[in-house]
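Have a look at the structure below, then the notes.
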Amino acid sequence: MAAMDLFGRRWALRILWELRTGPLGARALLARCEGLSSSVLYQRLRELTTNGIIAPSADGYELTPLGAALRDALQPLDAWAITWAEAQEQAREHDDQGSAEA
C-alpha cells in the first residue's frame, strides 16, 4: 500500500514516465510537465529518491534499477491508455456523426 501512496501523489508517475528514456534535469522535467510547480517537483524528487526509485546523476535524475523495473511495469498501462484514447476518439466521432444526421 505504501507504493500506491507514493505513486498516487500528484505528478509522481508523470515524473517517472519522463525519466523512462534517460536522465533529465529539473528544468527539463518542469518543461515536460506543464503545470508542475518547482516546489512540488522538488518534493516528488526527494520522495522518489528517498524510496530508491530515482537517483541524482551528472545529468540530473535517473531511474535506479528498481525504477527501471517500474518503467517496465508501466509499459502495459501505456499500451492500454493508447487503446483507450483511440476508443474515446472513435466514440466522439460516432457521436458527432449522429448529431450531424439528426
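The values are calculated or read from the model by the stated rules, or taken from the named source; none is laboratory data. These numbers were taken from a predicted model, which means no experiment stands behind them. FYI the Cβ positions are ideal-geometry reconstructions off the backbone, even for glycines, and counts take in every protein chain you see. Accessible surface is based on the protein model in full, side chains and every heavy atom, while ligands, DNA and RNA are left aside. Shrake-Rupley method; radii C 1.70, N 1.55, O 1.52, S 1.80 Å.
Laid out as a table, the results:
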{"read-out": "Subset of the range 14-32 [under 11 Å from the mean Cα position of the chain (by Cα) and exposed (fewer than 15 other Cβ atoms within 10 Å of the Cβ)]", "value": "Arg32"}
{"read-out": "Scan of the range 37-73 for residues that are of a type in the set (A, V, I, L, M, F, W, C) and in contact with a strand residue (DSSP E or B) (Cβ under 8 Å, 6 or more places away or on another chain), ordered by number", "value": "Leu45, Leu48, Ile53, Ile54, Ala55, Leu63, Leu70"}
{"read-out": "Boolean, Trp11 is of a type in the set (Phe, Trp, Tyr) and either at pLDDT below 95 or loosely packed, with under 10 Cβ neighbours inside 10 Å (or both)", "value": "no"}
{"read-out": "Any pair with Cβ under 6 angstrom, 6 or more apart, that starts in the range 56-83 at a residue that is farther than 13 Å from Leu19 by Cβ and ends at one that is surrounded by 10 or more Cβ atoms within 10 Å (Cβ to Cβ)", "value": "none"}
{"read-out": "Among (1) open to solvent by 70 Å² or more (accessible area, probe 1.4 Å); (2) of a type in the set (Asp, Glu); (3) at pLDDT 95 or above - the single one Glu47 does not satisfy", "value": "(1)"}
